[in-house]
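Let me begin by presenting the structure, written as structure tokens, before commenting on it.
The values are calculated or read from the model by the stated rules, or taken from the named source; none is laboratory data. As the structure is a prediction and not an experimental result, all values here were calculated from the model. So basically every Cβ, Gly included, is an ideal-geometry build from the backbone, and we count neighbours across all protein chains shown.
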Amino acid sequence: MSKRRYHSIECKQMDWQRLCEQAGGERIVFAIDVAKHDFVAVLQVRAGEILARLKWVHPQETRTLLRGLAQLQARGPVEAVMESSGTYGDALRWQLQALGASVYRVGAKRVHDAAEVFDGVPSLHDAKAAEIIGELHLQGRTQPWVEADARRRGLTAQLRRLRQCKARYQADLNRLEALLSRHWPESLVILDLDSVTLHHLLASYGGPARIQAHASAARTLMERIGRPGLREETLAALLDSTATTLGQPTVAEEDALLRWQAKGLIETHGELRAVERTLEQAVQADAALTPMAEVVGRVTSAVLVASQGSPLDYPDARSYCKALGLNLKEHSSATHRGRLAITKRGPAVARFYLYFAALRLIARDPVVARWFQAKTARPGAIKGKQVVELMRKLAKGLWHQAHGRRFSTDKLFDLSAVAGA
């Protein structure tokens, strides 16, 4: 096989008038390989016929590119295609849409998998990726890039805040656990690591020695924060452990570190709750989300819409399930029977919240609880897999609910068939 060349021309050196003449008013495909700064693209009219390969530095040279594309757009339709991952291409996409060009998206995995099929070489670099993107578009393997409306963009922004708060909260919890394991290991046995009472106690006093020195005030603080949920024996055990702890005594700077770490957790927890309340209010004000919220909760419904869009955007329940990464995949051959597993494509945050929504249904709904008990009672049953199965059924049920059908857990499965299996 002869070596394929991928020579690219600087955007500022392009002869756009000559390109307009070559295109002859036909549809032009502008296939872009997005990067942080060094963008590469190809212009073509038909499969296998490249008008030009160009490169430019974004954002410094992007206006020059847009002026050239405007000349092409004046002669004939321009269809821009790019991968859907990341945000580095979002500004260019916005400008292309403002220019009047049609914008399409293609999955990054589809581009990756086509690398060896394209030219017989498994390598993938910028210019080659741009050509593959263009060929996939000409084969009809891309989808129109629909801009999210203001509601979904707002939910997405809130979801991003929520995810960052959760990540920061969990990271701070891990750091606090490391400190308490060194200085006060008993506290991790008596109270949960995410106990608000524990956080306020540490934020006020620091290490166990200082808590012991202010035992009366510490008790008052815990009674106020813990309220009726904190039992007297738990409170007493925690205070007693400050005098008998096996932990390494803290120095002044370590006390300050414990206080600072606990204060950070309190602040992050408060911000996390504020974001969740904002999401709940957004769902409550949206009539389209209210039915879904009654099934999976307000925050979960907001997460699903922000990350996946409305179930109404999908042609059938299977496609909605697939978008959530809950469709099944299998690797089998004539001699090997592979195990079924979900693909886990798409945003993991949607599956995370749907997983806990499924757990809540198991705990609260008697029909779901009976189904789960019957499924897990089978020999060799794995509870986690049954939860995932419920997630798949729940996702399909949400699609049907969005299309006007009443949601009922009775419709998710046939209990008589499960019991008789």
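The table below lists the values:
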item	result
Odd one out for residue 19, checked against (1) in a helix (DSSP H, G or I); (2) modelled with pLDDT of 95 or more; (3) of a type in the set (A, V, I, L, M)	(2)
Options 364, 339; residue that is within 17 Å of residue 292 (Cβ to Cβ), free of Cβ contacts under 8 Å to residues at least 40 places away in the same chain and surrounded by fewer than 15 Cβ atoms within 10 Å (Cβ to Cβ)	364
Segment 183-200, residues that are touching a helix residue (DSSP H, G or I) at 6+ places or on another chain (Cβ under 8 Å) and part of a helix (DSSP H, G or I)	183, 186, 187, 188, 190, 196, 197, 198, 199, 200
Residue pairs meeting the criteria (Cβ under 9 Å; at least 6 apart or on separate chains; first assigned by TED's automatic domain parsing to the domain that holds residue 25 and part of a strand (DSSP E or B), in segment 40-51; second buried (at least 23 other Cβ atoms within 10 Å of the Cβ) and at pLDDT below 90)	none
Qualifying position, being within 22 Å of residue 361 (Cα to Cα), surrounded by 12 or more Cβ atoms within 10 Å (Cβ to Cβ), in contact with a helix residue (DSSP H, G or I) (Cβ under 9 Å, 6 or more places away or on another chain) and among the acidic types (Asp, Glu), among 280, 254, 271, 223	280
Helices (runs of 4 or more DSSP H) completely within segment 105-182 that count 2 or more residues being acidic (Asp, Glu) and more than 20 Å from residue 28 (Cβ to Cβ)	115-119
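Yes/no matrix, rows are residues, columns are (1) within 25 Å of the chain's Cα centre (by Cα); (2) crowded, with 20+ Cβ neighbours inside 10 Å; (3) on the phi > 0 side of the Ramachandran plot:
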position	(1), (2), (3)
61	no, no, no
68	no, yes, no
71	no, no, no
79	no, no, no
82	yes, yes, no
87	yes, no, no
99	no, no, no
116	no, no, no
